[in-house]
Amino acid sequence: MADVQLPTYDIVIFGASGFTGKYVVREALKFLDTPNSPLKTLALAGRNSSKLSQTLKWASTSHPTLPLIVADTSDPPSLRRMASQAKLVLDCVGPFRLYGEPVVAACVEAGCDYLDISGEPEFMERMEAVYHEKAAEKGSLVISACGFDSIPAEIGLMFNSRQWVSPAVPNRVEAYLSLESDKRIAGNFGTFESAVLGVANADKLTELRRSRPKRSRPSIPGPPPPKGSTIEHQKQVGLWAVKLPSADATVVRRTLSILTDNPNGLQGANEDPKQAEIRSSFWSTIKPAHFGVKIGTKNLLGLLGIISTGISIGLLGSFSFGRWLLLKFPSFFTLGAFRKQGPTEEEVASASFKMWFIGHGFSDANLASQAKAKPDKEIITRVMGPEIGYLTTPITLIQCALILLKQRRDLPKGGVFPPGIIFGHTDLQDHLQENGISFDLISKSDIMST
């Protein structure tokens, strides 16, 4: 019997009926078949077609009929069928450590593109190790971390970097994340589960990195940054802060490493000379810097809550009964910061984030090479937007998807990459700005040596 030719869709959203997936559907529908949008056809995919129908009713006031595809991570042939019907799959099914690889494998095999909202370094780096060469050969672009992890960090760091006009150079940029809300908001349980599994498998990430060739390190002017205290009172932005073990710093490091090997960025599969010039010109303005992320609160008491959650995950996440306790009683062990049923729509609407990028560097690159050089210049920028998990994540994912559809010929043929090196030179920042995520220069100042 001859194979039946299945219809192809611009985007298939996989996991469309999940907590985050349904918000991604709602965001995608804003751009479906609108003027100047490259998104003409959209399908929803997941395990249960009646739940997909319910998602569509929830997400759309006009209840458009959209094609529904039944696919399950435990059924690889169903994933291959789904991937063969897509130009681009948006994967919203986490934790990705548990459910991501079969979807990546299906997309690479089919030669379709893949974006996800993972914030799990071990998953991302393992996909790069296993699938990069095959994806490059098959013409499949595989890009993780297209949600709140790690688009604000990647594009936000580049925005700060571009404020350092030659001869000035940055040495380090520290991002301070502040989550704000009028109401107490519970975090996404999937994010919590990913964090718990991340602790459980920390040794696997170390092992994977040891087994891989060493990444190129960018040349950063000046001395390495000082360690600093565990708890910091950052007076300029009015926050008490502690280091956040998020994916952002590792994703940024991967982008800067690829940029070190490709100073003009990555060549597009079919880009014209004018586009190549735009790409090369953009990347010449990006200056690498040491980068870290801290999470902050306006008072010390709020910070102690974050620290106690971190300690709970760190201690209990390392053995199986501890993980069972954490995942069974998330609200208890995180003082209400995470719960299984997720936040209400009112809670989501009341929440927002600010991410401050405080850059320290040198007014002249020559100063950096002097013995005992200390930064003499500070540049502060800020990225700001709505609630991180259900509003900002769908916005960043859909804007990445629309750029990928519209500018596919200007992007690499295929391979597994972090988002910054793919989308940095596109107009992603402008599109985010138009959709509620703002980028602002706050101040440029001289630092007096002490």
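The values are calculated or read from the model by the stated rules, or taken from the named source; none is laboratory data. Only a predicted model underlies this, so the values are computations on that prediction, with no experimental measurement involved. When we count neighbours, we look across all protein chains shown, and the Cβ atoms used for this are built from the backbone with ideal geometry, even at glycine. When the accessible area is computed, the model is the full protein with side chains, heavy atoms only, and any ligands, DNA or RNA have been set aside. Shrake-Rupley method; radii C 1.70, N 1.55, O 1.52, S 1.80 Å.
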Please list, ordered by residue number, the helices (runs of 4 or more DSSP H) wholly in the stretch 348-435 having 2 or more residues that are at pLDDT below 95.
365-368
Taking the stated definitions as given, is Ala135 of a type outside the set (Phe, Trp, Tyr), open to solvent by less than 10 Å² (accessible area, probe 1.4 Å), in contact with a Ser or Thr (Cβ under 6 Å, 6 or more places away or on another chain) and over 20 Å from Lys243 (Cα atoms)?
no
Residues that are surrounded by fewer than 16 Cβ atoms within 10 Å (Cβ to Cβ) and either assigned to a helix (DSSP H, G or I) or touching a helix residue (DSSP H, G or I) at 6+ places or on another chain (Cβ under 6 Å) (or both): does the stretch 82-92 have at least one?
no
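Rundown of residues vs (1) open to solvent by less than 30 Å² (accessible area, probe 1.4 Å); (2) within 15 Å of the chain's Cα centre (by Cα); (3) closer than 30 Å to Ala106 by Cβ; (4) in contact (Cβ under 8 Å) with a residue 60 or more places away in the chain, yes/no style:
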position	(1), (2), (3), (4)
Ala365	no, no, no, yes
Ala373	yes, no, no, yes
Ile380	yes, no, no, yes
Gly389	yes, yes, yes, yes
Leu404	yes, no, yes, yes
Gly415	yes, no, yes, yes
Phe423	yes, yes, yes, yes
Ile437	yes, yes, no, yes
Which members of the stretch 272-286 meet the condition of being acidic (Asp, Glu) and either open to solvent by less than 30 Å² (accessible area, probe 1.4 Å) or under 26 Å from Asn160 (Cβ atoms) (or both)?
Glu277
Selection from the stretch 255-291 of residues that are under 16 Å from Gly420 (Cα atoms), touching an Asp or Glu at 6+ places or on another chain (Cβ under 7 Å) and not in a helix (DSSP H, G or I):
Gly268
Selected residue (criterion: most open to solvent (accessible area, probe 1.4 Å)) from residues of the stretch 295-315 that are in contact with a Phe, Trp or Tyr (Cβ under 7 Å, 6 or more places away or on another chain) and either of a type in the set (D, E, K, R) or without any contact (Cβ under 8 Å) to a residue 60 or more places away in the chain (or both)
Asn299
